[in-house]
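The values are calculated or read from the model by the stated rules, or taken from the named source; none is laboratory data. Here the structure is a predicted model, which is why all the values come from computation and not from measurement. Quick reminder, even Gly has a Cβ in these numbers, built from the backbone with ideal geometry, and neighbours come from all protein chains shown.
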Amino acid sequence: MNDYTLAPGAPRPRRLRRSAAVRRLVREHRLNPADLVLPMFVKESLHEPAELQSMPGVHQHTLDSLVEAAVAAADAGVGGLMLFGIPAERDEIGSQGWAPDGILNRAIAAVRAAVGERTVVMADLCLDEFTSHGHCGVLDAVGAVDNDATLDAYTRMALAQAEAGAEVLGLSGMMDGQVAAVRHALDTAGRTDVIVLAYAAKYSSAFYGPFREAVESPLQGDRRTYQQDPANGREALRELDLDLAEGADIVMVKPGLPYLDVLADVAAASPVPVWSYQISGEYAMIEFAARAGAIDRMPAILESLLSFKRAGADAILTYWAAEVAVELGAAR
Ligand code: PBG
């Protein structure tokens, strides 16, 4: 006996950590393949899938390899696929975004035909992959992003993506009024069935770095006139309110790990599902740290994904979605 012995009846939280079976039984949050969404890149006029230097394990796909990888991800049980396209030709207004034979629209149709209803096919709805200047909107006479002119382009893109077979449209451009504009256009065209995923809170982040390689972005400068300032938390709740009022079905917080506080606040306030995007730079940090032998790769991946669930995410967009879905299936 010494002064530090616990008295009879003292709280002992360690009891619930005593064995793997007890820990499993009392676990608050779990990862499910169905909660994971895989972002995928398809590049026009590519002959072989090309691995990204800044994202080892992630590829730019050809149409064929995209379909193959989409089927494999569906087989693994992922909840959805989020498609991004890299066109062969870009122009000032991003017209390949709404051309029916634009690469992203062709990819949506091909993937949807291959996976059917086995997983949910989604498309990024933003102009940045399609414009010659790399901005998420069209520019005005002085080269600034023109919010209201961009809304018109987004509605065209929405109708083209819906026509191609996308079930969820990911509005990631951060233009004011984008959710209302797209919802109105869809409903007017009789497409009340198409789901709008609104990037309610999207921050101007340094962690998007590898994504710029993935889509070969020509962007000079930054997106700070439309994406949120990382210094602001409260503003995310205003964006949430606006997106809900405009008719968002699901809302997103992006990036993930550096914004878990924002995710928790939005999750506490939102009456609709809240998703988060574990972005390219978050992926790269873990992959390169693991490659350097600094951290144990799969436990780090699973822990990072669990942190999203703990913060309140209903689903997570992650480049590890298919691999983790297989891992979770094997662990069962
Ligand atoms: C823009 C868009 C971006 C990402 C997804 N959609 C880049 C940006 O806003 O600069 C980044 C995703 C990632 O980094 O993984 N359409």
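Figures for the structure shown
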quantity	calculated
Failed item in (1) outside any loop (DSSP other than H, G, I, E, B); (2) of a type in the set (Gly, Ala, Ser); (3) away from the ligand (no atom under 12 Å from the Cβ), with Gly209 passing the rest	(3)
Residue match in region 141-148 (condition: of a type in the set (Gly, Ala, Ser), farther than 19 Å from Gln228 by Cα and surrounded by fewer than 24 Cβ atoms within 10 Å (Cβ to Cβ))	yes
Condition met for Ala201 (away from the ligand (no atom under 12 Å from the Cβ) and of a type outside the set (Phe, Trp, Tyr))	yes
Unique match (being within 16 Å of the ligand (Cβ to nearest atom) and on the phi > 0 side of the Ramachandran plot) among Glu216, Glu282	Glu216
One residue from Glu28, Glu129, Glu51 being surrounded by 15 or more Cβ atoms within 10 Å (Cβ to Cβ) and either modelled with pLDDT of 95 or more or within 16 Å of Ala325 (Cβ to Cβ) (or both)	Glu129
Those residues of region 256-271 which are of a type in the set (Ser, Thr, Tyr) and either surrounded by fewer than 18 Cβ atoms within 10 Å (Cβ to Cβ) or out of contact with any helix residue (DSSP H, G or I) (no Cβ under 7 Å at 6 or more places or on another chain) (or both), in sequence order	Tyr259
Test: residue in region 143-158 that is under 24 Å from Pro273 (Cα atoms), of a type in the set (Val, Ile, Thr) and away from the ligand (no atom under 16 Å from the Cβ)	yes
Test for Ala181: is it under 19 Å from Thr131 (Cβ atoms), touching a helix residue (DSSP H, G or I) at 6+ places or on another chain (Cβ under 6 Å) and more than 13 Å from the ligand (Cβ to nearest atom)	yes
Residues located in region 96-131, provided they are among the charged types (D, E, K, R) and free of Cβ contacts under 8 Å to residues at least 24 places away in the same chain	Asp101, Glu117
Selection status of Glu235, more than 13 Å from the ligand (Cβ to nearest atom) and loosely packed, with under 15 Cβ neighbours inside 10 Å	yes
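Residue-wise test of (1) over 24 Å from Leu197 (Cα atoms); (2) of a type in the set (Asp, Glu); (3) within 16 Å of the ligand (Cβ to nearest atom).
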site: Ala248; (1), (2), (3): no, no, no
site: Gly256; (1), (2), (3): no, no, yes
site: Ala268; (1), (2), (3): no, no, no
site: Pro273; (1), (2), (3): no, no, no
site: Ile286; (1), (2), (3): yes, no, yes
site: Ile295; (1), (2), (3): yes, no, no
site: Pro299; (1), (2), (3): yes, no, no
site: Asp314; (1), (2), (3): no, yes, no
site: Trp320; (1), (2), (3): no, no, yes
